[in-house]
Each structure stands twice: as C-alpha cells, then as structure tokens.
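Comments concern the structure below.
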Amino acid sequence: MSATPIQLDAQGRLLHFLTIEGLTHRHLTDILDTAESLRGVAERRVKKLPTLHGKTIVNLFFEASTRTRTTFELAAKRLSADVLNLNIATSSAVKGESLLDTLRNIEAMQCDMFVMRHSQSGAAEFMARHVKPHIAVLNAGDGRHAHPTQAMLDVFTIRRHKPDFPNLRIAIVGDILHSRVARSLIHALSILGAGEIRVIAPRTLLPTRVEDLGVQVFYCLPEGLRDVDVVVMLRLQRERMEGALLPSEQEFFQQYGLTKERLALAKPDAIVMHPGPINRGVEIDSRVADGPHSVILEQVTNGIAVRMAIMSITLGHHAQASGEDA
Ligand code: NCD
C-alpha cells in the first residue's frame, strides 16, 4: 500500500494517523517533542491535563490487544477526554453488522475520535474516508500493514537512549513477514535518518524484496547482531501464518532466540526492545527480557505520552480546521 495523503490536510497537517509512510521528518519530530513535553504528566500528583476535555474518544478493537488498547485509554483519560471502549466480541459486528454500519451508529453518539484495530489491512484508512469531517481516526494496527503509534513509541524510546540517529545501527529480528510493527518502524527509522537498519530472519519470515525498504538482510542472528546499538525482537505471529513456515519453536529459539550470549555480540550499551506480547523461550530468553539491557516496559510507559501527543495533535488540527478554539 502506498502513502496515504488522506491523513494530511492541504497544509500538510495531520488530521488522522493511519501510517508512517508519506510523513516527513518534521511530522515525526513534532510528535516526539510533544510526547517529551507530555511525559511529565505521569509524575504529577494529578495525572491530568484539560486538553481534550469535552471530547469523546471511541476505542474500536476488532482484534485482541492489551498494551495498545489500555495505553490509548489512559492517554485519552490523562487528556480529560471521555472514553468509550467498544468490545467487539459482544458487539453487533459478530451478528454481521458491516463496518460502515458500526461506524454510522457510533458517529450518531457524537464522538470526536476513533481509535481502531482491525485484522484487515486498510481498515483504518477505510474508516478515515467515511467518517464525518470533524472526526479523527487513529490506526491502532491494521492487518500486516501498519502500526504507526507503535513505531512512534519505539523511536521515542530509542531517541531517549540514543539520540544520534545517523550513527545508529538497529536490528529487527524475527517474524518480519507478518509484522505491521516492523514495517512501520522501518519507515519511521528511515524518515528520521537512522544510519543502518538490519532485518534478521529466516527466509520464510521475510517479505519478498524487503531490501527495497532500505534495510540490510541477515539470515544469521550472530552475524546480524554484531555491533548493533538497538535490538528489536518480534513475536512469531502464528495467527497470521498460513501453513508451516517454521520447523518448531525450539528450533526457532536455537537459531533466532535472543540469549545473553548472543546479545554480547551487540554494542556493550545496546538496548533490547519488544512491542509485546513476548514469548519467553521462543524469540527471547527471560534473562534478556528481564535483564539490564531491556527497555521493554519503558516502551509501554512511553506509549502513553506518545499516544497523548498524537491525540492532541490530530484533534487540535481538526479544531483549527473547523475554526473552533483548540
Ligand atoms: C503488536 C501488534 O499487535 O501488532 N503488539 C502490540 O501492539 N504491542 C505485535 C504483536 O502482536 O506481536
């Protein structure tokens, strides 16, 4: 799927947040800088800002999620918005209601923003094309396509530890083929000018022509880990796999699992990241996941400030566009 101009207005301002593709360095640094200024809210006695007071945000999750849904909810609440969580398992979607009908019904409840996760690539863009003009749509993951808020919290976490992007070497390891996280992260790192992006995976878990994304491909983990600053581990997304792409989880761990010994090949101050959920003993050893290099839980915390930033930026632009006081 190509860039999605629908997320920008004629002045290039973000109205929706659907994909990283097509955004500029400026868009990304605006989000990162705003997130940095919002990070401190969590340390206050009252963890709230009035920014989105009176706004209604609907979380529409058609796929399982723990971190993404809860951090979106917390982000909205810390900005004083009202939040509605639509539990799709018990909603009419299971009775055959179309996405458009679900959309029209929730729109009738006068909401201002949809946060959506869906198993179909392009679902969030579809929503953005059909919502009323005052509503912002944020993509919380669509199929294998994109997970742009995850990419932003990943680059935010990297920037806090290692701000010198042109001199960074980053390795993304594991199931790249099914990973919307990897795709969005590769785009974000490229836009921010990261020195070298590596992907490390067996051939069966790499998309065809992955090199076209500007990455170096490694099939051997120890080789690919050498001298990297950042290691991003990915889960085997079995729910998206058709047929047997892998011999067994044990064999995968033997070849591609991140152990302490293998991590020693990276730079001594390398950080280890993972979007979660982690599968201990499949892609990552517990001693690494819980070890001193791991910033996995920091990613979760950072997700709140980053999502607060994206919510306030997009809704702020909608307010400007409609002449309302932001
Ligand atoms: C990821 C997702 O859902 O794409 N998780 C997340 O959002 N934190 C990755 C995954 O499910 O493996």
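The values are calculated or read from the model by the stated rules, or taken from the named source; none is laboratory data. None of the values given here were measured: they were computed from a predicted structure. Every residue, glycine among them, receives a Cβ derived from its backbone with ideal geometry; neighbour counts consider all protein chains shown. Side chains included, ligands, DNA and RNA excluded: accessible areas come from the protein's heavy atoms. Shrake-Rupley method; radii C 1.70, N 1.55, O 1.52, S 1.80 Å.
A few comments on the model shown:
- Cα-only Debye scattering, the stretch 154-205: base-10 log of I(q)/I(0) at q = 0.15, 0.18, 0.27, 0.32 Å⁻¹: -0.40, -0.56, -1.08, -1.30
- Each peptide in 98-105, 199-206, 31-38, 170-177 gets a packing score, the mean of other Cβ atoms within 10 Å over its residues, and the list from highest to lowest is 170-177, 199-206, 31-38, 98-105.
- Prolate/oblate/rounded label for the stretch 1-120 (Cα gyration tensor, a/c 1.5): oblate
- Percent antiparallel among DSSP beta bridges (both partners in the chain, rounded to 5): 5 percent
- In the stretch 213-246, the GluC sites (Glu not before Pro) that fall in loop regions by DSSP, at most 13 other Cβ within 10 Å: E242
- Among N302, S286, G323 - extreme Cα towards positive end, dipole of the stretch 263-326, charges at beta-carbon: S286
- Length available on full extension from T66 to R226: 0.36 nm per residue minus the Cα-Cα distance, which gives 54.3 nm.
- Surface composition of the stretch 148-295: carbon plus sulfur atoms contribute 47% of the solvent-accessible area (1.4 Å probe, protein chains only, all chains present).
- Shape of the stretch 94-144, Cα gyration tensor, a/c cut at 1.5: oblate
- Accessible solvent surface per residue of the stretch 199-254, calculated while the other protein chains remain in place, 1.4 angstrom probe, Å²: 53 Å²
- Shape call, the stretch 216-306: gyration tensor on alpha carbons, a/c limit 1.5: oblate
- For the stretch 71-190, the solvent-accessible area of protein heavy atoms averages 36 Å² per residue (probe radius 1.4 Å; ligands and nucleic acids excluded).
- Burial ranking of peptide ranges 49-58, 146-155 (average Cβ count within 10 Å, highest at the top): 146-155, 49-58
- Of K77/K132; K55/K77; K162/K267; K47/K162; K48/K77, those spanning more than 18 Å from alpha-carbon to alpha-carbon: K77/K132; K47/K162
- Positive minus negative residues near V137 (Lys, Arg vs Asp, Glu; Cβ under 12 Å): -1
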